Amino acid sequence: MTNQHNDLTTLQQQTQTRHEIEAAITSIFAAEDEALRSVLADAKQAGLPLIQISPIQGKLLQLLATMCNAHKILEIGSLAGYSGIWLARALPPDGRLITLEVSPEHAQVVQNSFKKAGVADRSEVRVGNALDLLPQLQSEAPFDLVFIDADKPPYPQYLDWALRLTRPGSIIVADNCIRRGEVFRQPEDEGTAGIAEYNRRIASDPRLLSLALAMDDDYTDGFAISVVKHP
Ligand code: DHB
Ligand code: MG
């Protein structure tokens, strides 16, 4: 056997090990129920892109929401409502999730998803451009957790709003902050540039304590998690 063959076999074994570990963690800690599975099937049926967070990320959102005793959660970018369900399920009965969605068609899917998952009573979809809707949320602030997972170029502006709409101890999470490492190289498109700027800002803003964590797409993408520090 050649060295090259050995190297390839080792890489394949490592890939398989990573997949086995992720599957085991998902099954033990983050198993989807019938509603979550059904919502994904509906999203596929409706032709929505299948770019939702992983179950492990969903469970992490629940963990973070519970850690900050979240009663009010803001999500920027609903997609099919999959992440919204994970978030809303971490709320107490009198809690509230507000999720912002630019597409009226997607918002309809989200509404149905929330009904299916039994969280429609504590969840609200607002339709429009997030940068138009965010200023209207100031009377409903502070939010205990903000989850950013919308279009990528305005991520820095979403961060500005997240900081305006939170309190010390609130948690701000953004998806897709690693993107195959592209965000750490010279950005080649506006989306990557937006995320790169987001990462730079959360890493250096004295109001935040932050970390990007590789956890999705075979450890090539993941959340950046920040907590708003006490002054
Ligand atoms: C894209 C957007 C996402 O939020 C994601 O998780 C993956 C991909 C995209 O726009 O390609
Ligand atoms: Mg995403």
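Residues of the stretch 140-170 that are within 16 Å of ligand 1 (Cβ to nearest atom) and part of a loop (DSSP other than H, G, I, E, B): Asp149, Ala150, Asp151, Lys152, Pro153, Pro154.
If you check Ala120 against the conditions, is it farther than 21 Å from Leu50 by Cα and of a type in the set (A, V, I, L, M)?
Spelling it out, Ala120 is indeed farther than 21 Å from Leu50 by Cα and of a type in the set (A, V, I, L, M).
Set side by side, the residues Ile85, Ile53, Ile73 differ, and just one is within 18 Å of the chain's Cα centre (by Cα), in contact (Cβ under 8 Å) with a residue 60 or more places away in the chain, within 16 Å of ligand 2 (Cβ to nearest atom) and under 30 Å from His230 (Cα atoms), which is Ile53.
Each value in this text was obtained by applying a stated rule to the coordinates, not by laboratory testing. Predicted, not measured: the structure shown is a model, and the values here were computed from it. Don't worry about glycine lacking a Cβ; one is built from the backbone with ideal geometry, like all the others, and counts go over all protein chains shown.
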